[in-house]
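Chemist: After the C-alpha cells below, expect a handful of questions from me.
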Amino acid sequence: MMRLILTLIAGLWSASVQAIELKSVRSSADQDSSRVVLELSGRPQFSSFNLSNPSRLVLDVSNLSTSSLSAITTIDDSRITRIRSSVRGQGSRLVFDLGGDYRSNVFALGPKGRFPDRLVVDVVGYVAGEKASIRGESSAEPTEPPVEKRDIVVAIDPGHGGKDPGASSYGVIEKKVVLQIAKRLARRFQSEPGYRAVLTRDDDRFVPLKSRPRLAREAGADFFVSIHADSFPKNKNVRGTGVYALSLRGANSELSRWLQNTENADDLAGGVDLGDVDNDTRQVLLNMSMESAIRISKQAGQSVLNDLTDVGRVHKKQLGLANFVVLRSPDIPSLLIETGFLSNRSDAKRLSSSREQEKIAGAIFEGIKRYFEKSPPANTFVAWRKQNAGKRIVIEVKRGDTLSEIAARYNLSLQALKELNGLRSDVIHLGQKLEVPLSPR
C-alpha cells in the first residue's frame, strides 16, 4: 500500500512539473488563411476537433496552465472572430469561434534557434479584401512551415429559385431539380481532397442574376458553374444536355439565342458594369478583361461536355456560346449547363430520377476536375500535389496514430500503405518509420 501511495505522489509531482506556460502569441492573416502561433515553455500534449452550427475549432492542451492565457483572447480577424479559454482537467481548452465553414489544421513544432516549443493553428479559407497583417513579434527568417495550400473553390449556381420557378412541364419544376443536382455536385467536390464547393443558394429562394457571380467572387471561387433545365416549346423533340460558355459576340446558334434570352429576361441589368463608354470601347474592355476567363471556360467546358456525352444524350455535340448574364464575370471562368429540356417528356422523366441526377452531377464533377488536375491554379493543394507527384517522405508514428488514419491522411488505401511499407498486419508501434507520398491534407 505504501508503495502505491508513493507511486501516486510521484505521478502527481511529475504531472505538476510537466505543466507548461504560454510565453507569447503571434498571429498573421491574409486573403487565403489565418495563423496563430502559441509559443510555449515546453512540449504540448494536445488534441483538436471541429464543431458546426456555429463553426468552431476546439483545442485541448492537457498540460497547459490557464494562468497565462489572457493574451490569446485578444486575437481576432475575419476568420477567427473570438478565442475563449477554460480549465479542462489539469490543462486548458481553447475554443476558436470561426466566421465561416473554414478548414483548420493544428500541429506542434519543437524548439528552433531562439524560438521555443510552439503550437500552430491554421484556419484556411478565402476572405475577399482581407489585408495582410501580422501581430506579435515577427522574424526575418521563417520559423514555421508555410500554411497548408488552399483548396480550389468551385461555385455552384442552381438556376432560378423562390418566386422564379424557371421552366416546368410534365409536373417537373426546374428550380427544384437543378437544386437537387447542384447539391449532389457540391457533395462530390466537398469529398474530393483539394476542392471546396460553395452554393449560391441551398434552398428555395430567389437570387438575382447579377448577384450570383458576386457571391462566387466573395467566396474566392476559381470556377463558376450554373445548373439549369430548360424548355424549348418551338420543338418538343429537342432533348439532351448542353454546355455553354460566354461569347462576347452573342449566341452562336438559334437555340443558344433562345436560351440566353430566356435566362437573361429577369435581370438584364446584371453582369459587368464598365461605366459610361461607347459600344466599341465596351467591346475592347470586355475582350481584354475576359480573354483568360473565356479561354479557361472553353477548355473546361469541352471536358465537361465529353463526360456528359458518356452518360447520356447531348443535344449539341459542340460547346455552345451565348451571352448569359451569369457568365459575365471578368475574372472567374464560368459555364452554364443545361441538364435537359422539360418540354421533352423523356428528359423530364430522366431529370426526376435520383440515379440520373447523380450521373449528371458526376459527369460535371469529373469534367471540371480533369481540367484543374491538368492546369491547377497556383498556391493550391492540387498544384502542389501535381508538382510533387511520385515523391515520398518518411514519417514517424506518433502516440494515438493508427495505420488506417495515416492511410486516410495521405490519400492511400490501407492495403496500399501496407504494400508500400512491406507490412503484413495493421499493427504499428510508437516511433516506427513509415514511407508515405508527399501529399498530406
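The values are calculated or read from the model by the stated rules, or taken from the named source; none is laboratory data. It should be emphasised that the depicted structure is a prediction, and the values quoted were computed from it without experimental measurement. Neighbour counts run over all protein chains shown; Cβ positions are idealised from the backbone, glycine included.
Chemist: Quick one: which of SER404, SER425 is more than 30 Å from ARG295 (Cβ to Cβ) and outside any loop (DSSP other than H, G, I, E, B)?
Modeler: Numbers: SER425 fails: outside any loop (DSSP other than H, G, I, E, B).
Selected residue: SER404, the only one of SER404, SER425 that is more than 30 Å from ARG295 (Cβ to Cβ) and outside any loop (DSSP other than H, G, I, E, B).
Chemist: Give the residue, chosen from ALA389, ALA383, ALA363, ALA378, that is surrounded by 13 or more Cβ atoms within 10 Å (Cβ to Cβ), hydrophobic (A, V, I, L, M, F, W, C) and either closer than 25 Å to LYS149 by Cα or in the same structural domain as LEU420 (by TED's automatic domain parsing) (or both).
Modeler: Details: ALA389 fails: surrounded by 13 or more Cβ atoms within 10 Å (Cβ to Cβ); ALA363 fails: either closer than 25 Å to LYS149 by Cα or in the same structural domain as LEU420 (by TED's automatic domain parsing) (or both); ALA378 fails: surrounded by 13 or more Cβ atoms within 10 Å (Cβ to Cβ).
On inspection, the qualifying residue turns out to be ALA383.
Chemist: Condition test on GLU405, is it of a type in the set (D, E, K, R) and in contact with a Ser or Thr (Cβ under 7 Å, 6 or more places away or on another chain)?
Modeler: Numbers: of a type in the set (D, E, K, R): yes; in contact with a Ser or Thr (Cβ under 7 Å, 6 or more places away or on another chain): no.
Taking the combined requirement at face value, the residue does not satisfy it.
Chemist: When the residues of the range 36-82 are filtered to those that are within 18 Å of the chain's Cα centre (by Cα) and of a type in the set (D, E, K, R), which remaining residue is farthest from THR380 (Cα to Cα)?
Modeler: ARG56
Chemist: Something else: Please determine whether any residue of the range 375-383 is within 22 Å of ASN105 (Cα to Cα) and in contact with a Ser or Thr (Cβ under 6 Å, 6 or more places away or on another chain).
Modeler: The first filter runs over the range 375-383 and keeps only residues within 22 Å of ASN105 (Cα to Cα), leaving 377-383.
Checking which are in contact with a Ser or Thr (Cβ under 6 Å, 6 or more places away or on another chain) leaves us with none.
Checked against the condition, which is being within 22 Å of ASN105 (Cα to Cα) and in contact with a Ser or Thr (Cβ under 6 Å, 6 or more places away or on another chain), the range 375-383 yields no hits at all.
Chemist: Would you be able to tell me the number of residues in the range 310-325 that are touching a Phe, Trp or Tyr at 6+ places or on another chain (Cβ under 9 Å) and hydrophobic (A, V, I, L, M, F, W, C)?
Modeler: Adding up the residues that qualify gives 4.
Chemist: Now, a different point. Out of the residues in the range 90-138 that are over 20 Å from GLU218 (Cβ atoms) and among the small types (Gly, Ala, Ser), state the one that is surrounded by the most Cβ atoms within 10 Å (Cβ to Cβ). Don't jump to the end; show me each part of the working.
Modeler: Filtering the range 90-138 down to residues over 20 Å from GLU218 (Cβ atoms) leaves 90-97, 104-122, 134-138.
Filter once more, so that each one left must be among the small types (Gly, Ala, Ser): 91-92, 104, 108, 110, 113, 136, 138.
Numbers: GLY91: 19, SER92: 25, SER104: 23, ALA108: 16, GLY110: 9, GLY113: 8, GLY136: 14, SER138: 10.
Among residues in the range 90-138 that are over 20 Å from GLU218 (Cβ atoms) and among the small types (Gly, Ala, Ser), the one surrounded by the most Cβ atoms within 10 Å (Cβ to Cβ) is SER92.
Chemist: Which strands (runs of 3 or more DSSP E) sit wholly inside the range 142-242 and have at least 3 residues that are touching a Ser or Thr at 6+ places or on another chain (Cβ under 7 Å)? Explain how you work it out, then say what you get.
Modeler: On the way: elements: 152-158, 195-199, 223-230.
Those strands (runs of 3 or more DSSP E) span 152-158, 223-230.
Chemist: Here is a follow-up. Identify the single condition in (1) free of Cβ contacts under 8 Å to residues at least 40 places away in the same chain; (2) within 13 Å of ILE20 (Cβ to Cβ) that PRO116 does not satisfy, given that it satisfies every other one.
Modeler: (1)
Chemist: Determine which single condition ILE406 fails, assuming it passes every other condition in (1) in contact with an Asp or Glu (Cβ under 9 Å, 6 or more places away or on another chain); (2) within 20 Å of SER191 (Cβ to Cβ); (3) not aromatic (Phe, Trp, Tyr).
Modeler: Among (1) in contact with an Asp or Glu (Cβ under 9 Å, 6 or more places away or on another chain); (2) within 20 Å of SER191 (Cβ to Cβ); (3) not aromatic (Phe, Trp, Tyr), the lone unmet condition for ILE406 is (1).
Chemist: Pick from ALA265, ALA322: which is in contact with a strand residue (DSSP E or B) (Cβ under 7 Å, 6 or more places away or on another chain) and either surrounded by fewer than 22 Cβ atoms within 10 Å (Cβ to Cβ) or at pLDDT below 90 (or both)?
Modeler: On the way: ALA265 fails: in contact with a strand residue (DSSP E or B) (Cβ under 7 Å, 6 or more places away or on another chain).
Selected residue: ALA322, the only one of ALA265, ALA322 that is in contact with a strand residue (DSSP E or B) (Cβ under 7 Å, 6 or more places away or on another chain) and either surrounded by fewer than 22 Cβ atoms within 10 Å (Cβ to Cβ) or at pLDDT below 90 (or both).
Chemist: Something else now. Going by the conditions given, is SER343 at pLDDT below 90 and closer than 24 Å to THR241 by Cα?
Modeler: On the way: at pLDDT below 90: no; closer than 24 Å to THR241 by Cα: yes.
Considered against the rule, which asks whether it is at pLDDT below 90 and closer than 24 Å to THR241 by Cα, SER343 comes out as no.
Chemist: Ok, one more. For the range 342-351, which residues satisfy the criterion of being over 12 Å from VAL177 (Cα atoms) and in contact with a Ser or Thr (Cβ under 6 Å, 6 or more places away or on another chain)?
Modeler: Across the range 342-351, the qualifying residue is only SER343.
Chemist: Please verify whether LEU423 is outside the structural domain of PHE223 (by TED's automatic domain parsing), free of Cβ contacts under 8 Å to residues at least 60 places away in the same chain and crowded, with 18+ Cβ neighbours inside 10 Å, treating the condition exactly as stated.
Modeler: Numbers: outside the structural domain of PHE223 (by TED's automatic domain parsing): yes; free of Cβ contacts under 8 Å to residues at least 60 places away in the same chain: yes; crowded, with 18+ Cβ neighbours inside 10 Å: no.
So LEU423 does not fit the description; no.
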